[in-house]
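Undergrad: Quick one: the structure is below, and I'll ask about it shortly.
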Amino acid sequence: MNIPILALIFQGIPEQIALVTLAFVIKRMPLKWKLIVPIGLVLAIVSFLIRLLALPFGLHTIFIVILLFISLIWAGKGDISLSLLASLLSVLALILFESLSLSILMPLLGITSESLLTDFVLRIFLGEPQVILIFLSAYFVNRLLHKRK
């Protein structure tokens, strides 16, 4: 799938940074932006490059889970099971929020699937609510975990 560089910059990178943030929170790692942002950038670029290849759709998601898992082990110094759980739950949250956002906004705004595939400005615009929802989830989960301590 051909994706313009603007989609990478304005949707892919923020989305992956939000994903990594949520994974850090789920794993109960400190939110070190000097780690989160570079990991998010790498995940976004890898996802972008995989989508440029003629590979089946969704394969980039498997690569993202694996890379996020490896990154969490590396940055969190171990705990494989919690790293796997954080990776899977974060990607699941992304899929859930993306599905929810699109299923609400597309009919509400009268947008068709075809127009979403051809109009990348529209696609970037419709991708922002899921990014916000992931960041909000990270914030509230982090707050909930800190109240328990």
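Undergrad: Residues that are of a type in the set (D, E) and within 25 Å of V25 (Cβ to Cβ): does the stretch 93-114 have at least one?
TA: Within the stretch 93-114 (the criterion being of a type in the set (D, E) and within 25 Å of V25 (Cβ to Cβ)), the answer is yes, since at least one residue qualifies.
Undergrad: Turning to a different aspect of this structure: Could you tell me how many of the residues in the stretch 17-58 are surrounded by fewer than 20 Cβ atoms within 10 Å (Cβ to Cβ), part of a helix (DSSP H, G or I), in contact (Cβ under 8 Å) with a residue 40 or more places away in the chain and aromatic (F, W, Y)?
TA: Number of matching residues: 1.
Undergrad: Take residues that are at pLDDT 95 or above and tell me which of the helices (runs of 4 or more DSSP H) falling wholly in the stretch 59-149 contain 1 or more. Can you show your working first?
TA: Details: elements: 59-76, 80-109, 113-118, 120-148.
Of the helices (runs of 4 or more DSSP H) lying wholly inside the stretch 59-149, those with at least 1 residues that are at pLDDT 95 or above span 59-76, 80-109, 120-148.
Undergrad: Filter the stretch 74-120 for residues that are over 19 Å from T61 (Cα atoms) and among the acidic types (D, E); which is surrounded by the fewest Cβ atoms within 10 Å (Cβ to Cβ)?
TA: E114
Undergrad: Return yes or no: is A93 closer than 13 Å to L19 by Cβ, in contact (Cβ under 8 Å) with a residue 40 or more places away in the chain and in contact with a Phe, Trp or Tyr (Cβ under 8 Å, 6 or more places away or on another chain)?
TA: Answer is no for this residue.
Undergrad: So is V131 in contact with an Asp or Glu (Cβ under 7 Å, 6 or more places away or on another chain) and under 29 Å from M29 (Cβ atoms) or not?
TA: It is true that V131 is in contact with an Asp or Glu (Cβ under 7 Å, 6 or more places away or on another chain) and under 29 Å from M29 (Cβ atoms).
Undergrad: Sticking with this one: Let me confirm something: among S87, S113, S101, S81, which residue is closer than 23 Å to L22 by Cα, among the polar types (S, T, N, Q) and free of Cβ contacts under 8 Å to residues at least 24 places away in the same chain?
TA: Exactly one residue qualifies, and that residue is S81.
Undergrad: Checking the structure you have, find out if any residue of the stretch 3-13 is under 14 Å from the mean Cα position of the chain (by Cα), farther than 29 Å from D119 by Cα, surrounded by 19 or more Cβ atoms within 10 Å (Cβ to Cβ) and modelled with pLDDT of 95 or more.
TA: No, the stretch 3-13 contains no residue that is under 14 Å from the mean Cα position of the chain (by Cα), farther than 29 Å from D119 by Cα, surrounded by 19 or more Cβ atoms within 10 Å (Cβ to Cβ) and modelled with pLDDT of 95 or more.
Undergrad: Show the residue pairs that are 6+ apart or on different chains and have beta-carbon atoms under 6 Å apart, the first residue being within the stretch 120-135 and farther than 25 Å from L89 by Cβ, the second being not β-branched (V, I, T) and not in a helix (DSSP H, G or I).
TA: Qualifying pairs under 6 Å: F120/P4.
The values are calculated or read from the model by the stated rules, or taken from the named source; none is laboratory data. Everything numeric in this text was worked out from a predicted model, so none of it was measured. When we count neighbours, we look across all protein chains shown, and the Cβ atoms used for this are built from the backbone with ideal geometry, even at glycine.
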